[in-house]
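Peer 1: Input: one structure, supplied below.
What follows draws every value from the coordinates through simple rules; no lab data is involved. Only a predicted model underlies this, so the values are computations on that prediction, with no experimental measurement involved. FYI the Cβ positions are ideal-geometry reconstructions off the backbone, even for glycines, and counts take in every protein chain you see.
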Amino acid sequence: MKHKHWRPDGLSRDTRRQTYVPPQQPAVQATLNAALQCHQTGRLSEAERLYLQILSVQPRHPDCLHLLGMVAYQSGHHSLAAERISQAIAVKATVALYHSNLGNALTAQGRFDDAVASYRRAIRLKPDFPDSHYNLANVLKQQGRVDEAVACFRETIRLKPDLAAAHNNLGNLLWERGRLDEAIACCRRALELNPDFPEAHLNLGNALEEQGQFDAAVACFRRARALDPNIPEAHNNLGNVLQMQGKLKEAVACFRSALSLRPTFAEAYLNLGNALQQQGSLDAAIACFRRAIDLRPGYADGHFNLGIALLAQGDLAAGWQEYEWRWKTPHMMKVGQRFAQPQWQGEAAEGRTLLIYAEGGFGDTLQFCRYAPLAAARGLRVIVAVQKPLVGLLSRLPGVDRVHGFGEELPEFDLYCPMLSMPLALGTTLETIPSAASYLQADATQAASWGARLAGMDIQGLRVGLVWAGNPRLNAPRLAAVDLRRSLSPDRLAPLFGVPNVRFFSLQKDGPAAPGHFPLIDLMQDVGDFADTAALLANLDLVISVDTSVAHLAAALGKPVWVLDRFDPCWRWIAGRNDSPWYPTLRLYRQKQPGDWDGVLADVTKDLHRLAEPAPNRQTANSRMIA
């Protein structure tokens, strides 16, 4: 997972406005005026001396007590500031500014509840005091009381429409709520009021990135960086978008710049690790993830990404442990399934009922459903909950009592286990991966029906299924960026169609259509679910696919599969290999450089020529296994 940062504007403070001045002796008034001039011009020591001089004559002078507190606040002595301002309030409790600035001092100490109480007192005394509403909103935001904070920012804007920081911070909160259009409007309004507001450029860029407007987001981050090169978040967030655009060298440079400005920036280490992993530098990526965790113990995204990198390296024992941290990442805490029953950790539980539920996409379920029969073999009664299009196919898993679709009422069970936690529960290492040649089976009647249909079409030669694109996931820009790397345009497949003795079948259910002149047999309009797809695959000789669920399905059926793989492969394919310990019949054709599909297809075309050469006594498609 990537991390980016918002930069809200800080507290509103004003030592000049709303100052209470009691009746003065002429000499005291002259001293106070001189002190205020020193204070307003930044000569804090001189101001402090003059305030103390007044207090030596009038020890209960509330304004001097308050202003001495402000000198302490501006000097970083927040506890002393709170003490002095409280003394002013003890003398004169009806001045809203005193309570508001006491709230600032308390906020600086992390005493948020006390600060909220002070701001609310200020507002009761002066309901039209915008600074108090603004500062209260900021503290409520820090406390996670988002709806209350939004209301306070809106009231601030009503009272002071030209306060750019309020528009910016309201946009921040609306982005936390996923209301991107409103967030963008708020940030744009802040920039209309103050075009040189770097935080507003930064926050606008974040919202635009979330909408997938990457070029516009890059422009915002570059502008924020130009206005203030010392904002680490501007470098970090720019790096995130550049990485999604495939500009890895620039992204790495941005993350390193962020770290040079803030060496303890754990999120920048996380993002640098992601970029290095995408470049193929796994060891360096792992070092970055570990550094992020060192800086922030308990950093769930750091552990999770470390787990992915360890799994990609083939260190499954350590990788599964770190991978469990996914449940504590912000994203999974929102969408993860929760049950009252205890999670099964692999302990003896013969006779008890175990629910194994799917997580992730179709490919994840197809790959890891293999563990359900292993649990059943240990004497557990196993029920499985999966995506509805998989129910029919997985109902034939050996040993599984019931398969339920998501949304259906579940029977009673004693234990549960997420499907991708099963390898940890069963202690899976690289050497002990359960890799049966075929752990899924097509329905024999359905497969025979498809076989008869293809026989009636008088199809000669090798039967090869093709998949060129995955789910574009357009509603999730970060995932869409990954799909752009794993999918390819169908016109790139043209070299394959020059191979003789091959008939090609489209297995592409959605996504970009192939050119009409391509010699493809497309029967997918008659495929309803994965059981139908499995029955069709049972009648093919070979599947050539990008990294999609169809590749997993074909390999789980024991069909030969050639995977067209991107330069930065999914962790499950393990770096540096062209085979898969998960699937004995699967072969990987990986890009040697990012985006090099031409090289991949040249290798595939050459091997397909060799495979399709006429051979004596060639077996039928239904009985032949291609190595």
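Peer 1: List the lysines whose alpha-carbon lies under 18 Å from that of LYS126, not counting same-chain residues fewer than 8 positions away?
Peer 2: Within the straight-line limit of under 18 Å, LYS126 reaches these lysines: LYS92, LYS160.
Peer 1: Sticking with this structure for a sec: Length gain on complete extension for the stretch ASN230 to ALA317, per 0.36 nm per residue less the alpha carbon to alpha carbon distance?
Peer 2: Working: separation 87, 0.36 × 87 = 31.32 nm, distance 4.12 nm.
Between ASN230 and ALA317, full extension yields an extra 27.2 nm.
Peer 1: Let me ask you something else. Give the calculated FRET efficiency between ARG120 and LYS334 to the nearest 0.05, with a Förster radius of 35 Å applied to their Cβ-Cβ distance. Numbers along the way, then the final one.
Peer 2: Values: r = 31 Å, r/R0 = 0.88.
Given R0 = 35 Å and the Cβ-Cβ separation, E is 0.70.
Peer 1: Near ARG291, within a Cβ-to-Cβ distance under 15 Å, what is the net charge of the other residues, with Lys and Arg +1 and Asp and Glu -1?
Peer 2: -1
Peer 1: Which one, [x] 63, 26, 21; [y] 100, 41, 34; [z] 40, 29, 24, gives semi-axes √(5λ) of the Cα gyration tensor in Å as derived from the coordinates shown?
Peer 2: [x]
Peer 1: With a/c under 1.5 counting as rounded, go ahead and sort the range 56-111 into rounded, prolate or oblate using the C-alpha gyration tensor (a ≥ b ≥ c being the square roots of the eigenvalues; past the cut-off, prolate if a/b is larger than b/c, else oblate).
Peer 2: On the way: a/c = 2.36, a/b = 1.42, b/c = 1.66.
Oblate.
Peer 1: For the range 353-432, what does the relative contact order come out to in percent, with C-alpha contacts under 8 Å and a separation of six or more?
Peer 2: On the way: 118 pairs, mean separation 32.5, N = 80.
Once divided by the residue count of the range 353-432, the mean separation gives 41 percent.
Peer 1: Can you return the aspartates and glutamates within cross-link range of LYS249? Criterion is Cα-Cα under 19 Å, with same-chain partners fewer than 8 residues away left out.
Peer 2: The qualifying aspartates and glutamates are ASP215, GLU233, GLU267, ASP283, ASP568, ASP596.
Peer 1: Cross-link partners among lysines for LYS388, C-alpha distance below 19 Å, same-chain residues fewer than 8 apart left out?
Peer 2: Of all the lysines, those that pass the test against LYS388 - Cα under 19 Å, at least 8 places apart if same chain - are LYS509.
Peer 1: Let me ask something else. Would you kindly state how much longer the chain becomes between ASP181 and ARG402 on full extension, computed as 0.36 nm times their sequence separation minus their alpha carbon distance, in nm to one decimal? Intermediate values should be presented prior to the final figure.
Peer 2: Numbers: separation 221, 0.36 × 221 = 79.56 nm, distance 4.44 nm.
That pair, ASP181 and ARG402, stretches by 75.1 nm at full extension.
Peer 1: Shape of the range 477-583 from its Cα gyration tensor (a ≥ b ≥ c, root eigenvalues): rounded if a/c is under 1.5, otherwise prolate when a/b > b/c, or oblate? Could you put the intermediate results ahead of the total?
Peer 2: On the way: a/c = 1.42, a/b = 1.22, b/c = 1.17.
In terms of gyration-tensor shape, rounded.
Peer 1: Just to be sure I understand the model, the point goes 7 Å from the Cα along the line to the Cβ. What's the resulting ALA602 to LYS249 distance in nm?
Peer 2: Simple spin-label model gives 2.2 nm for this pair.
Peer 1: Below 8 Å between Cα atoms, with a sequence gap of 6+, how large is the relative contact order for the chain in percent? List each step's numbers first, then the result.
Peer 2: On the way: 1091 pairs, mean separation 52.9, N = 627.
Answer for the chain is 8 percent.
Peer 1: With the cut-off at 1.5 for a/c, could you classify the range 353-432 from its C-alpha gyration tensor as rounded, prolate or oblate? Before the final figure, lay out the partial values.
Peer 2: Values: a/c = 1.64, a/b = 1.23, b/c = 1.33.
Taking the square roots of the gyration eigenvalues as a ≥ b ≥ c, the range 353-432 is oblate.
Peer 1: Kindly express, to the nearest 10 degrees and within the range 0 to 90, the angle between helix 78-91's C-alpha long axis and the longest C-alpha principal axis of the chain.
Peer 2: Approximately 50 degrees, to the nearest 10.
Peer 1: Pop the C-beta distance of ALA90 and LEU44 into the FRET formula with R0 = 22 Å and round what comes out to the nearest 0.05. Present the calculation step by step, with values, prior to reporting the outcome.
Peer 2: Numbers: r = 24 Å, r/R0 = 1.08.
It comes to 0.40.
Peer 1: Now, a different point. I'd like the orientation of helix 282-295 relative to the chain: the angle between its Cα long axis and the longest Cα principal axis, in ° from 0 to 90, rounded to 10.
Peer 2: 30 degrees
Peer 1: Oh, and also: Once fully extended, how much extra length lies between ALA455 and SER438, figured as 0.36 nm per residue of separation less the alpha-carbon to alpha-carbon distance?
Peer 2: Values: separation 17, 0.36 × 17 = 6.12 nm, distance 2.45 nm.
Gain in length upon complete extension: 3.7 nm.
Peer 1: Could you compute the net charge surrounding PRO161? Neighbours are other residues with a C-beta less than 14 Å from the C-beta of PRO161; K and R count +1, D and E count -1.
Peer 2: Details: positive: ARG154, ARG158, LYS160, ARG189; negative: ASP128, GLU155, ASP162, GLU192.
Here the count lands on 0.
Peer 1: May I ask you to derive the FRET efficiency for LEU80 and ALA575 from their Cβ-Cβ distance with R0 = 51 Å, giving the value to the nearest 0.05? The partial results should precede the final answer.
Peer 2: On the way: r = 57 Å, r/R0 = 1.11.
After rounding to 0.05, the efficiency reads 0.35.
Peer 1: Also, I was wondering about something else. Given the rule -39500 (n - 2.57) for each run of at least 4 DSSP H residues, summed and divided by the residues of the chain, what is its mean residue ellipticity at 222 nm, to the nearest 500 deg cm²/dmol? Write out the running numbers ahead of the final one.
Peer 2: Values: 28 runs with 322 residues, N = 627.
Per the formula, -16000 deg cm²/dmol.
Peer 1: Further question on the same structure: How much of the DSSP beta bridge set in the chain is antiparallel, as a percent to the nearest 5? Working shown, then result.
Peer 2: Details: 1 of 37 bridges.
Rounded to the nearest five, the antiparallel share is 5 percent.
Peer 1: Let me ask something else. Using the basic label-point model (7 angstrom from Cα toward the beta carbon), what is the LEU55 to GLU412 distance in nanometres?
Peer 2: 7.1 nm
Peer 1: Same structure again: Expressed as a whole number of Å, what is the distance separating the alpha-carbon centroids of the range 212-240 and the range 469-484?
Peer 2: Their Cα centres are 23 Å away from one another.
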